[in-house]
Amino acid sequence: ANLPAATNPSNAVGGIVGVQNSPLNMTGLSICSANVPDKIASAVDTQIDDQASTTGSLRALLQTTANQAATGAPTGPNYQETGNNQYVLCKSI
């Protein structure tokens, strides 16, 4: 029997969650979550890391499209809380 194609799970804000290898200038595997609103992204980084989107074990990329892959360099130096920005957050594991 053929199994259905695997799909990534969704997070609480409708973004996808997945594992990537070396996203956002990090090394090794990271779990990434897309479509995270700016206030949530900033709060998460403040609570578990260093409050900066470009450094530490949690990094972020300002999305230009929904469910964007975490490629390239992280956005920085800090989160921009506009009420409209969404980020891809990646945490090294």
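At-a-glance table
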read-out	value
Failed criterion for Gln68 (all others in (1) without any contact (Cβ under 8 Å) to a residue 40 or more places away in the chain; (2) in contact with a Ser or Thr (Cβ under 9 Å, 6 or more places away or on another chain) hold)	(2)
Count - residues of segment 81-93 that are under 17 Å from Thr27 (Cβ atoms), part of a loop (DSSP other than H, G, I, E, B) and open to solvent by less than 70 Å² (accessible area, probe 1.4 Å)	0
Single residue of segment 38-56 satisfying the filter (out of contact with any Leu (no Cβ under 7 Å at 6 or more places or on another chain) and open to solvent by 90 Å² or more (accessible area, probe 1.4 Å)) that is farthest from Asn78 (Cα to Cα)	Gln47
Number of positions in segment 57-68 that are open to solvent by 50 Å² or more (accessible area, probe 1.4 Å) and either of a type outside the set (Ser, Thr, Tyr) or within 12 Å of Leu89 (Cα to Cα) (or both)	3
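Per-residue answers, yes or no, for (1) surrounded by 10 or more Cβ atoms within 10 Å (Cβ to Cβ); (2) of a type outside the set (A, V, I, L, M, F, W, C); (3) out of contact with any strand residue (DSSP E or B) (no Cβ under 6 Å at 6 or more places or on another chain); (4) at negative phi:
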| position | (1), (2), (3), (4) |
| --- | --- |
| Ala6 | no, no, yes, yes |
| Asn11 | yes, yes, no, yes |
| Gly15 | yes, yes, no, yes |
| Thr27 | no, yes, yes, yes |
| Ser30 | yes, yes, no, yes |
| Ser33 | yes, yes, no, yes |
| Val36 | yes, no, no, yes |
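The values are calculated or read from the model by the stated rules, or taken from the named source; none is laboratory data. No experiment lies behind these values; they were computed from the predicted model shown. Cβ sites come from the backbone with ideal geometry, for glycine too, and all protein chains shown count toward neighbours. Note: areas computed on protein heavy atoms with side chains; ligands, DNA, RNA excluded. Shrake-Rupley method; radii C 1.70, N 1.55, O 1.52, S 1.80 Å.
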